[in-house]
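Working notes, beginning with the structure itself.
The values are calculated or read from the model by the stated rules, or taken from the named source; none is laboratory data. Keep in mind it's a predicted model, so treat the numbers as computed, not measured. Cβ placement follows ideal geometry from the backbone for every residue including glycine, while neighbour counts extend to all protein chains displayed.
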Amino acid sequence: MNPVPTGDWQIKVHAPRLISVIDDEVEVLRGTSSLLRSCGFDVATFTSAEDFLHSPSNGRSACLISDVQMPGMSGIELFAALRARQDPVPVIFITAFAEAPVRQHIEAPVCVLQKPYQAEALIACIERAISVQPET
């Protein structure tokens with residue numbers, strides 16, 4: 001495994017891993033995608049939970065980063081749908097709203113980050129999420 005320098009911090013990329021990012025804000029998708037690619041991850045982006053559920057990335061993602069409030073299916077509803085299918089993909093929520101109400105409605109996401117979040121915090125959440133996943 002090779003450390004990938006990213007500013008003042010490093011992450012260790014074991015192998016290319018697909019991170020799926022779901023957010024209805026295109027600017028958030030672009031910024032998050034750019035950050036993750038610079039860290040050595042493969043990234044798939046989606047502007048809705050429904051688009052993700054109907055994509056080939058569903059079932060292949062090492063980690064899922066999702067906004068909580070989106071038009072149509074919310075991030076919380078997506079999380080519930082994945083768990084109902086017994087899909088154990090680790091989920092990181094990003095939200096513009098307070099963390100406590102989000103945690104009341106869901107069971108054990110890897111992280112809940114409030115917008116705007118620090119890149120270091122997101123990378124730490126991803127490392128935590130994929131560290132418990134077997135390598136593909």
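With a requirement of 1 or more residues that are within 15 Å of residue 130 (Cα to Cα), of a type in the set (Val, Ile, Thr) and at pLDDT 85 or above, the strands (runs of 3 or more DSSP E) lying completely within region 1-45 that satisfy it span 18-22. Figure legend. Inter-residue proximity from region 87-100: first residues within 15 Å of residue 65 (Cβ to Cβ), second residues among the aromatic types (Phe, Trp, Tyr) and modelled with pLDDT of 85 or more, beta-carbon distance below 6 Å, spacing 6+ or different chains. Indicated pairs: 91/79.
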